[in-house]
Amino acid sequence: MKDDFGREIDYMRISITDRCNLRCRYCMPDGADWVPMPQILTLEEYACIAACGALLGIRKIKVTGGEPLVRLGCCDFVRMLKETRRIEKVTITTNGILLEQHLEQLAAAGIDGINISLDTLNPGLYQALTGGGSLSAVLKGLEAALKLCGEKQIPVKINAVSLELKDMARKLGCVYDGPGWPELLWIAKEYPADVRFIEMMPIGYGKRYQSLSHKELFRQLQEQYPNLEKDDRYHGNGPAVYYRIPGFKGSIGFISAIHEKFCGSCNRVRLTSQGYLKSCLCYEDGEDLRTILRGIGNQKEKEQRLLEAIKRVVWAKPVAHCFEHPEQMTENQDMIKIGG
Ligand code: SAM
Ligand code: SF4
């Protein structure tokens with residue numbers, strides 16, 4: 001389905017929980033006022049919205065959160081989506097802590113891609129940055145994923161928020177003697193996994209931290225690897241720009257929402273865990289689909305109203321975000337409430 005600016009909207013990100021087993025400093029450092037469970041949609045309710053979205057042209061779904069793997073039935077949900085007519089790809093983004101134990105089930109459900117969020121390979125800094133997370137659990141999840149997904153040709157990617165790690169370590173009071181962001185390149189060197197750097201967005205606690213400039217990050221990467229090559233192969237749904245380093249098994253991606261606005265090719269809408277469908281991260285505008293799902297009327301009438309509401313969200317998609325002018329943002333909720 002096309003929006004008012006001619007963009008094809010075929011991608012829905014669904015946050016299935018606001019809960020998380022980590023406390024990343026830039027996301028939810030002190031936990032949150034958890035939304036009472038009755039206000040969070042059931043997996044069947046998300047699936048119903050996804051099915052309506054599919055009738056309007058949604059083809060790809062990302063399951064996210066909070067941490068999606070802490071939601072009971074997450075893998076069953078992946079299966080439900082995979083069984084939905086016209087949905088072609090279902091992927092997940094996870095912090096990786098619980099990945100090893102859910103991997104077989106995810107693969108059996110038909111997952112099409114796994115993104116693991118990982119900002120540093122230093123165990124002490126990882127623990128400080130995530131409020132107690134175990135790096136070794138994530139690395140076990142990553143290795144298990146690479147093994148299983150390699151056999152099934154399911155892409156595994158690493159997402160790292162572009163942080164000045166030395167500065168971060170100083171702020172968090174931990175000892176860090178690593179090289180900063182280049183330490184993550186080791187993953188792409190050793191494994192067939194893309195490593196993508198994501199600029200910090202001024203959402204919630206993210207406003208407190210400065211993103212590493214991607215212009216500078218790219219300059220440093222090029223300095224270190226002068227034979228870096230642009231990689232124009234298809235890597236997935238997203239707006240990342242990729243490069244290859246000769247000899248590396250994975251590519252390096254840049255998702256530069258702030259400095260390289262990619263709104264002109266935006267293809268997505270976002271469903272919060274409470275069933276609010278948003279047109280853009282930056283603005284609060286959207287439609288409350290939970291009220292429709294739980295309101296009066298038979299299933300057919302509700303589906304009709306859902307279709308109308310989803311169309312309104314797509315048609316009202318703004319031309320671009322306004323992160324460079326935070327005073328114009330109308331979204332004041334934390335990432336955990338919106339769904340990352
Ligand atoms: N818990 C899962 C995870 O960490 O992958 C899924 C949800 S998390 C909110 C999704 C992604 O958003 C993570 O990669 C996280 O690093 C990123 N994120 C959180 N706050 C952010 C911010 N202010 N700017 C950019 N990325 C952010
Ligand atoms: Fe949890 Fe992901 Fe937020 Fe970290 S970024 S606190 S893992 S939801």
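Taken together, the values in this text are just the output of simple stated rules run on the coordinates, not laboratory data. Just so you know, these numbers come straight off a predicted model, no measurement behind them. With ideal geometry, Cβ positions are generated from the backbone for all residues, glycine too; neighbour counts draw on all protein chains shown.
In region 11-338, a dipole from Cβ-located charges (positive for Lys and Arg, negative for Asp and Glu) runs towards its positive end, and of ALA109, SER136, ALA169 it is ALA109 whose Cα lies farthest in that direction. Dipole of the chain computed with +1 at Lys/Arg Cβ and -1 at Asp/Glu Cβ about the Cα centre; of TYR243, MET1, GLN333, farthest Cα towards the positive end is MET1. Backbone amide hydrogens, once placed in the peptide plane, bring ASP194 within less than 5 Å of VAL156, ILE158, SER251, excluding anything fewer than 5 places away on its chain.
Determine, for LYS337, LYS152, the number of other Cβ atoms within 10 Å of each Cβ, and report the residues in order from fewest to most. Don't skip to the answer; put the middle values down first.
Working: LYS337 21, LYS152 10.
With the sparsest Cβ surroundings first, the list reads LYS152, LYS337.
Loop-resident chymotrypsin sites (Phe, Trp or Tyr not before Pro) (DSSP state other than H, G, I, E or B) in region 33-92 with no more than 15 further Cβ atoms inside 10 Å of their Cβ: TRP34. Amide H contacts under 5 Å for ILE58: none, restricted to partners 5 or more places along the chain or on a different chain, H placed in the peptide plane at 1.01 Å from N.
For the pair region 84-99 / region 240-259, the C-alpha centres are spaced 21 Å from each other.
Taking the chain as a whole, the Cys residues whose C-beta sits 4.7 Å or farther from every other Cys C-beta are CYS20, CYS48, CYS52, CYS74, CYS75, CYS149, CYS174, CYS263, CYS266, CYS280, CYS282, CYS322. Taking the DSSP bridge list for region 11-338 and keeping only pairs wholly inside it, about 25 percent are antiparallel. Here's the picture: charge each Lys and Arg Cβ at +1 and each Asp and Glu Cβ at -1 in the chain, and of THR64, LEU212, ALA32 the one pushed furthest to the positive end of that dipole is THR64. In order along region 121-131, phi translates into HN-Hα couplings of 9, 8, x, x, 5, 4, 4, 5, 5, 9, x Hz, rounded to whole numbers, per the Karplus curve 6.51 cos²θ - 1.76 cosθ + 1.60 with θ = phi - 60° and x for Gly and Pro.
For region 107-257, just say rounded, prolate or oblate: build the C-alpha gyration tensor, square-root its eigenvalues into a ≥ b ≥ c, call rounded for a/c under 1.5, and beyond that prolate if a/b exceeds b/c, oblate if not.
Details: a/c = 1.57, a/b = 1.20, b/c = 1.31.
Oblate.
Taking every alpha-carbon pair under 8 Å whose residues sit at least 6 apart, region 103-249 reaches a relative contact order of 22 percent. Per-residue ellipticity at 222 nm for the chain, helices alone: DSSP H runs ≥ 4 residues times -39500 (n - 2.57), over residue total, nearest 500 deg cm²/dmol? Calculated mean residue ellipticity at 222 nm is -9500 deg cm²/dmol. For region 171-321, the dipole from Cβ point charges (+1 on Lys and Arg, -1 on Asp and Glu) about the Cα centre works out to 480 debye, to the nearest 20. Within the listed set GLN328, GLN127, GLN210, the residue fluctuating most in the Gaussian network model of the chain (springs between alpha-carbon atoms under 10 angstrom) is GLN328.
Given charges of +1 on the Cβ of Lys and Arg and -1 on the Cβ of Asp and Glu, with all other atoms neutral, how large is the dipole of the chain about its Cα centre, in debye to the nearest 20? Mind showing how you got there, number by number?
Numbers: 45 positive and 43 negative charges, 98 e Å.
The dipole of the chain has a size of about 460 debye.
Going down the table (LYS261/LYS300; LYS60/LYS261; LYS302/LYS337; LYS89/LYS302; LYS215/LYS311; LYS207/LYS311), which pairs top 28 Å between alpha carbons? Too far apart for the 28 Å limit: LYS261/LYS300; LYS215/LYS311; LYS207/LYS311. Residues whose amide H comes within less than 5 Å of that of VAL161, counting only those at least five positions distant or on another chain, are LEU118, ILE198 (H built at 1.01 Å from N in the peptide plane).
Summary value for region 5-100: 37 percent relative contact order, contacts being C-alpha pairs under 8 angstrom separated by 6+ residues.
Centre-to-centre separation between the Cα atoms of region 282-340 and those of region 200-226: 29 Å.
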